[in-house]
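A quick write-up on the structure given underneath.
The values are calculated or read from the model by the stated rules, or taken from the named source; none is laboratory data. Everything numeric in this text was worked out from a predicted model, so none of it was measured. Positions of Cβ are generated from backbone atoms using ideal geometry, with glycine treated the same way; all protein chains shown enter the neighbour counts. Note: accessible area is taken over every heavy atom of the protein model, side chains too, but ligands, DNA and RNA are not part of it. Shrake-Rupley method; radii C 1.70, N 1.55, O 1.52, S 1.80 Å.
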Amino acid sequence: MITDSLRAALETLLPGDGRFPGAAAIDLVDRMSGIDHLHPAVAIASKHLPADMADRSASERTRLLQAWETDDPEGFGGFVIAAYSAYYTHPTVLAAIEAATGYAARPPQPAGYALAPFDDAVVAVPRRHGKRWRDT
Amino acid sequence: MGLDHTDVLVIGAGAGGAAVAWRLATAGIQVTCLEQGGWVDYAQVPSFGQDWELARQTTHHPNPNIRRLPVDYPIDDTDAAIKPLLYNAVGGSTIHWGAHFPRLRPSDFRVRSLDGVADDWPISYADLAPFYDENDRIMGVAGLAGDPGNPPRPKRPMPPLPLGRGAEVMAGAFDRLGWHWWPSDVAINTIAYGAGRGVCNHCGPCDLGCPVKARSSTDVTYWPLALNAGARLITGARVFEIETDPTGRPVGAAWYDAEGTVQRIGADVVILAANGIGTPRLMLLSTSSRFPNGLANDTGLVGKRLMHHPTGMVTGVFDEPLDGFKGPFACSILCQEFYETDPARDFVRGYQMQLVRSDGPLGTACGGYLPRVPWGAGHHDAFLEVFGRTASLTVTTEDLPREENRVELHPTLTDSFGVPAPKMIYSLDRNTQAMIRHGIASATRAFQEAGAIRILPQDLVVQAGFHLMGTARMGDDRDTAVVDGLCRAHAADNLMVVDGSVFVTVGALNPTPTIQAVALRAAEALIRDRRQIRPGAARSAA
Ligand SMILES: Cc1cc2nc3c(=O)[nH]c(=O)nc-3n(C[C@H](O)[C@H](O)[C@H](O)COP(=O)(O)OP(=O)(O)OC[C@H]3O[C@@H](n4cnc5c(N)ncnc54)[C@H](O)[C@@H]3O)c2cc1C
């Protein structure tokens, strides 16, 4: 029951579209339950969500979450961050981001990124400024 | 000699503790450092894994109340408008830091004389300059000489970091506005520098710990040198009391080892370097008949005058990819156009704007630099509109000291050993609020000039208590200061404090080079004047 309510809430937060999977499609509830640090937020959500969340219409679910957000921005914010934390580190979502933006679905190390070296010419203007600090 | 006695005991192996331990050890003084954390294992840092951004939100969050590691102690921040960020390990908070490496300006040491507020430091920029230089040499600094915003300095040993597209765009805007800007001084290797250290590969999340050892942290800079020079570092050692003799003079410390067993060590000199929260906590914990209100707390100022750098943030969204996830997250360029007091403004003192690059996908979605991406039907479009297309300017303001902003002991909350935890009480004053408003307007103006298509301001970044200062202030007058200009406690001259606690005022920029320069200067004075240390300590000294 609780799991169904959570699943419905998560799908409302993070619905799928042609580019991105919805929360249910990647079983976000299961992923969140595997991450210790997210448990407190999940516990708060489980207490807060009505048992029949999954049976409500999409617009009702949205309204319920909006009401929670207004009444308890901190508790709700923690739940959203927990949901995003699990979602945006899921390989399927990272692959979707790579497809949409070119951002490589790989960790920052060990490859790092290439950047053009610093070029002195860029400070030509500020170099000409007069002294900008106060004598004491 | 076993664990029973040391000439100098340093508590805390972070920025200040490492610097002081290195300098004393190289002078032949027997130094022992007690650190509650352990060494970072760079083979295990999260930036090698797909879940690196999750680690940033959880196990590697800079707020100890969120990451909740066994070595962390809780900090009650319910009455604090800005939340504490720090790290407990060899290297201290430099394990997490962005490595922005600026110096205070000369005027920052003369705030009372110049602007009629707060207090002057008992030391000047000129007093610290040689120690800033020495610290640069050990930590390694990349940057560019010739900044019109700061006193002349020698050429840095390494060139600045690559700007990246976002900084190029903003530099152009600053130029058109006629505003100051300059490439940031950073403690990041842009070319080979320092034994066993690599060169930055622009991976981005320096705060997860730099496996290349390009981003300086004191576990890879000072500590190897200090250990080589004979310093002893004991990890997993949570100090809970500075012990004193019947006259109130510190004689050593008591700590819990990793197994929870109480250990003790005697010392001729005790140096606190546990940071702006940890140090007042220890002083307040160490009561005696001589110091019923906490060690060396005759003034009642220990824990008071807590200062941060209250931070506003403005993010510009651009219609081109800026790839801000490439390059050290915190560092590229800064603008000090509004740094000094201007009587035409409705506040005294000033602020710096620091360009930060952008986040990975999770950081972008959760917000921080920009507001959280809204949930629901429009979520993915909103995410794609901002991801990789933003640059942000911090508005880093100068906080002024107020006694009501403070660290005290919590009446009931304790750490895992049952030692009372600290509580932060902190609010912003009107001067700071006015400064943040002005800064947000300035940053907004800069983004408009740069052609941002959307500009998203945030009044106050709450998770921004990374600079913890002022809680054991320095001063010549023993009635109004905890330590003197050489970091010696007025009320117990074999007790020293060498972290951000001693700051009298804080300027409007990152404090660590100043913490370390102050620590090196204090060490130099202790070496010169060894009265506190038993004669044997000088045996191998030059
Ligand atoms: C996310 C982040 C970004 C930052 N970015 C920058 C930046 O770009 N530039 C900059 O200048 N500064 C930056 N800072 C701040 C910088 O890290 C600190 O100013 C600096 O590390 C403070 O040095 P310290 O020696 O006072 O304390 P710390 O470096 O915090 O070290 C204190 C040490 O004392 C130990 N300790 C505390 N209590 C006890 C105890 N009871 N027993 C034993 N050990 C104890 C702790 O475990 C810790 O290792 C940043 C900080 C954070 C968290």
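Each peptide in B:197-205, A:54-62 receives the mean, over its residues, of other Cβ atoms within 10 Å, and ordering these scores from highest gives B:197-205, A:54-62. Think of the protein assembly as shown as having a plus end and a minus end, set by charges on the Cβ of Lys, Arg, Asp and Glu; of B:Leu306, A:Ala67, B:Leu460, B:Leu306 sits farthest toward the positive end of this dipole. Under a 5 Å amide H cut-off, with hydrogens placed 1.01 Å from N, B:Arg215 pairs with B:Asn189 among residues at least 5 apart or on other chains.
To the nearest 20 debye, what charge dipole does the protein assembly as shown have about its Cα centre, counting +1 at the Cβ of each Lys and Arg and -1 at the Cβ of each Asp and Glu?
Numbers: 61 positive and 75 negative charges, 299 e Å.
Result for the protein assembly as shown is approximately 1440 debye, rounded to the nearest 20.
Chain pair A, B: how much accessible area is buried, both chains summed, with a 1.4 Å probe, in Å² to 100? Spell out each step's value before the answer.
Numbers: alone 9350 and 19360 Å², together 23420 Å².
Counting protein atoms only, the buried area is about 5300 Å².
Considering just Cα atoms, how many Å³ per residue does the convex hull of the protein assembly as shown enclose? Before the final figure, lay out each step's value.
Details: hull volume 100.5 nm³, N = 678.
Looking at the protein assembly as shown, the number lands at 148 Å³ per residue.
Close amide H contacts of B:Val504 (hydrogens built in the peptide plane, cut-off under 5 Å, sequence separation of 5 or more or a different chain): B:Met474.
A simple rule links phi to the HN-Hα coupling: the Karplus curve 6.51 cos²θ - 1.76 cosθ + 1.60 with θ = phi - 60°, which for region B:85-101 gives 10, 6, 9, 10, 5, 5, x, x, 6, 6, 5, 9, 6, x, 6, 4, 9 Hz, with x for Gly and Pro.
Give me the percent of the accessible area of region A:2-107 that comes from carbon and sulfur atoms, probe 1.4 Å, all protein chains in place.
Values: 2500 of 4680 Å².
Here it works out to 54 percent.
Partners of B:Lys326 within straight-line reach, counting lysines whose Cα lies under 28 Å from its Cα and excluding those fewer than 8 residues away in the same chain: B:Lys83, B:Lys155, B:Lys213.
The ratio of the alpha-carbon radius of gyration of chain B to the globular-protein estimate 2.2 N^0.38 Å is 0.93. Considering only GluC sites (Glu not before Pro) in DSSP loops that have at most 14 other Cβ atoms within 10 Å, the longest stretch of chain B without any of them is B:1-258. In loop segments of region B:137-184 as defined by DSSP, there are no chymotrypsin sites (Phe, Trp or Tyr not before Pro) with at most 13 further C-beta atoms inside 10 Å of their C-beta.
Less than 5 angstrom separates the built amide H of B:Met158 from those of B:Val141, B:Gly143, all sequence-distant by 5 or more or on a different chain.
How about region B:32-86: which trypsin sites (Lys or Arg not before Pro) there lie in a loop by DSSP and see at most 16 other Cβ atoms within 10 Å? Don't skip to the answer; put the middle values down first.
Working: sites: B:Arg56, B:Arg67, B:Arg68; in loops: B:Arg68.
Answer by residue number: B:Arg68.
Ranked by the mean number of other Cβ atoms within 10 Å of their residues, highest first, the peptides B:80-89, B:354-363 fall in the order B:354-363, B:80-89. Each residue of region B:56-71 was assigned a 3J(HN,Hα) from its phi angle through the Karplus expression (A = 6.51, B = -1.76, C = 1.60, θ = phi - 60°), giving 4, 8, 10, 5, 10, 5, x, 8, x, 6, 8, 6, 6, 7, x, 7 Hz with x at Gly and Pro.
Per residue of B:363-375, how many C-beta atoms from partner chains lie within 10 Å of its own C-beta, taken as a mean? Walk me through the intermediate numbers first.
Numbers: counts 2, 3, 9, 8, 4, 0, 0, 0, 0, 4, 3, 2, 15.
Per residue, the average neighbour count from other chains is 4.
What you get for region A:2-107, charging only the Cβ of Lys and Arg (+1) and of Asp and Glu (-1), is a dipole of about 240 debye around the Cα centre.
Between region B:267-319 and region B:51-107, the alpha-carbon centres lie 15 Å apart. Mind checking which of B:Ala237, B:Leu295, B:Ala13 is farthest towards the positive end of the protein assembly as shown's charge dipole, using Cβ charges of +1 (Lys, Arg) and -1 (Asp, Glu) about the Cα centre? Result: B:Ala13, furthest along the dipole toward the positive end.
Taking each residue of B:167-180 in turn, how many C-beta atoms of other protein chains fall within 10 Å of its C-beta, and what is the average?
Numbers: counts 2, 3, 0, 0, 4, 2, 0, 2, 5, 1, 0, 3, 4, 4.
Average per residue, whole number: 2.
Shielding value for A:121-128 is 6, the average number of Cβ atoms from other chains within 10 Å of each residue's Cβ.
What does the accessible area per residue of chain A come to in Å², with a 1.4 Å probe and no ligands, DNA or RNA counted?
Per-residue accessible area for chain A comes out at 49 Å².
Taking Cα atoms only, the orientation of helix A:91-101 departs from the longest principal axis of chain A by about 50 degrees.
Quick one: pull the percentage of alpha-carbon pairs in region A:2-107 with a separation above 18 Å. Of all Cα-Cα distances in region A:2-107, 48 percent exceed 18 Å. Basic side chains Lys and Arg get +1 at the Cβ, acidic Asp and Glu get -1 at the Cβ, and with that the dipole of region B:446-542 about its Cα centre reaches some 520 debye.
For chain B, which whole-number percentage of the solvent-accessible area (1.4 Å probe, protein heavy atoms only) is attributable to carbon and sulfur atoms?
On the way: 8720 of 16790 Å².
Whole-percent figure for carbon plus sulfur exposure: 52.
Dipole of region B:73-139 computed with +1 at Lys/Arg Cβ and -1 at Asp/Glu Cβ about the Cα centre; of B:Gly116, B:His100, B:Leu86, farthest Cα towards the positive end is B:His100.
Kindly report the accessible area of region B:163-318 per residue (heavy atoms of protein chains, probe 1.4 Å, no ligands, DNA or RNA), in Å². Roughly 29 Å² per residue, with all protein chains present.
Once R0 is set to 51 Å, what does the formula 1/(1 + (r/R0)^6) return for the Cβ-Cβ distance between A:Ala58 and B:Thr261, expressed as a FRET efficiency to the nearest 0.05?
Values: r = 59 Å, r/R0 = 1.15.
After rounding, the FRET efficiency stands at 0.30.
B:Lys423 sits with roughly 20 Å² accessible to a 1.4 Å probe, with DNA, RNA and ligands left out of the calculation.
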